[in-house]
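Here, each number is a calculation from the coordinates, and none is a lab measurement. Note that the structure is predicted; figures quoted are calculated from it, not measured. Cβ atoms come from the backbone with ideal geometry, glycine included; neighbour counts cover every protein chain shown.
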Amino acid sequence: MDGTSQNLTTYDSFLRAKAQVEGDHGFVVRDLPDWLFPFQHFLVEWSLRKGRAAIFADCGLGKTPMQLVWAENIVRKTNGRVLILTPLAVGPQTVREAEKFGIETTHCRDGKFGNARIIVTNYERLHYFDAADFEGCVCDESSILKNFEGVTKAAITEFMRKMRYRLLCTATAAPNDYIELGTSSEALGYLGYTDMLGRFFKNDQGGIKVSTGNIIRDAFSGSPWRFKQHAEKPFWRWLCSWARACRKPSDLGFVDDGFRLPELTTETHIVAASRPMDGCLFVQPAVGLAEQRKERSATVKERCEKVAEIVSTDDFCVVWGQLNAETDLLEKLIPNAVQVSGRDSDDAKEEKFEAFQRGEIKTLITKPTIGAFGLNWQHCSRMTFFPSHSFEQYYQAVRRLWRFGQQRDVRVDIVTTEGEADVMANLQRKAEAASKMFQSIVEEMNNELQINRSQKFIRRAELPQWM
């Protein structure tokens with residue numbers, strides 16, 4: 001090789017490294033089950049070829065069967081084991097899905113799984129397991145990783161750090177901002193969170209201050225992070241090198257037959273506070289978190305009574321609360337309602353969720369932080385909700401019911417007060433921004449799918465004489 005060719009090769013390698021477009025770390029599979037839908041077949045085949053990948057697919061698109069087929073192929077390839085991590089109470093649901101598709105799995109809570117090859121457990125039980133026992137790991141509802149300061153995120157990332165095969169699945173990949181995708185990248189072994197920020201984003205407040213976590217919590221309320229000049233296109237190219245996103249099969253170029261959502265009806269009920277806040281003559285919108293918390297605490301009785309009036313005990317209904325005072329009072333006001341609370345043991349929570357899913361409980365009361373992730377409640381089409389600033393909690397709560405496969409129209413009753421007008425406005429703004437962001441992810445990623453990193457140019461590049 002002459003000096004010119006060697007320089008070209010070195011420079012090409014330099015450009016490839018700067019591009020951060022990730023290669024393949026898995027293997028090619030030709031024989032996937034024919035019961036997968038075409039778009040699911042595409043996503044599983046792609047994720048196995050990548051080895052370390054993320055599937056950002058909406059609720060009801062079959063992330064669970066895709067995870068199971070992915071895990072089964074890793075087991076066949078390596079003769080090792082795969083651990084599937086799920087939110088609380090989703091483990092038994094995953095095992096039922098596996099039985100339906102003929103994939104052998106074991107639900108394990110204590111780390112003792114014998115000769116099992118595909119093991120399902122809850123995130124809360126991860127400390128019972130040794131990463132050295134597994135060839136691969138699946139994170140169901142992986143949006144838990146977005147809390148980049150969380151202990152859980154750190155434990156999961158460390159658990160998977162040396163695994164060759166990793167899969168993340170969620171419907172809410174980044175509900176607040178693009179930069180939350182950095183935690184998924186880090187868990188998969190690609191760019192670290194701070195490395196991603198430094199490469200693609202600029203902080204208008206100066207520096208990369210990720211230790212406090214406060215400056216990016218509400219991305220659409222003035223986050224200082226923005227794309228660097230000319231960095232947006234490379235960012236999407238990098239993202240689509242390890243992730244795929246879709247809200248319906250047609251986002252990936254497939255037909256939507258069988259994947260059409262029923263009608264969603266949302267009604268907001270404004271409850272009048274019995275008295276204005278201390279120091280005020282009239283009821284006014286609460287300004288700031290402190291006043292909003294006071295408003296919420298002062299109207300617990302009025303709001304819960306309104307929910308009890310709305311809820312029909314003749315049909316299945318999920319009643320979402322935010323405070324212990326709300327859920328405790330709702331349990332007293334609604335006949336035969338059952339509450340799943342933080343005071344319950346994990347086993348008790350799972351049993352109540354299972355009983356609701358079996359139809360043994362008509363009205364279920366719980367918080368989004370306990371039951372809003374991963375569970376499939378298609379048998380239910382009614383819910384009530386007390387709004388908060390968390391769009392992800394609201395989206396996930398609605399999607400337990402309103403999902404592909406739901407046969408009935410879904411109704412959501414939001415109960416709030418005049419003083420919480422700013423909370424509702426913020427939630428609506430986040431909902432619109434998150435929807436726009438996800439659509440941008442789909443469009444930009446699809447635009448980049450045709451990039452061929454191995455393309456060869458016909459004309460030979462010529463270096464200038466001074467190089």
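A few notes on this one:
- Scoring 70-79, 337-346 by mean Cβ neighbours within 10 Å over their residues and listing the highest first yields 70-79, 337-346.
- Local electrostatic count at residue 122 - Lys and Arg +1, Asp and Glu -1, tallied over other residues with Cβ under 12 Å: -4
- Distance (nanometres) between label positions extended 7 Å along Cα→Cβ at residue 229 and residue 432: 3.1
- Within segment 264-438, the percentage of alpha carbon pairs spaced more than 25 angstrom apart rounds to 31%.
- Whole-Å semi-axes of the ellipsoid equivalent to segment 309-351 (Cα gyration tensor, √5λ, descending): 19, 13, 8
- Charged-residue dipole, Cβ positions (Lys, Arg, Asp, Glu), segment 365-410 about Cα centre, Debye nearest 20: 100
- Per-peptide average of other Cβ atoms within 10 Å, ordering 366-375, 260-269, 127-136 highest first: 366-375, 127-136, 260-269
- Greater than 30 Å apart at Cα, pairs in 100/436; 63/362; 146/367: 100/436
- Look at 320, 225 and count the other Cβ atoms within 10 Å of each Cβ; fewest to most, that gives 225, 320.
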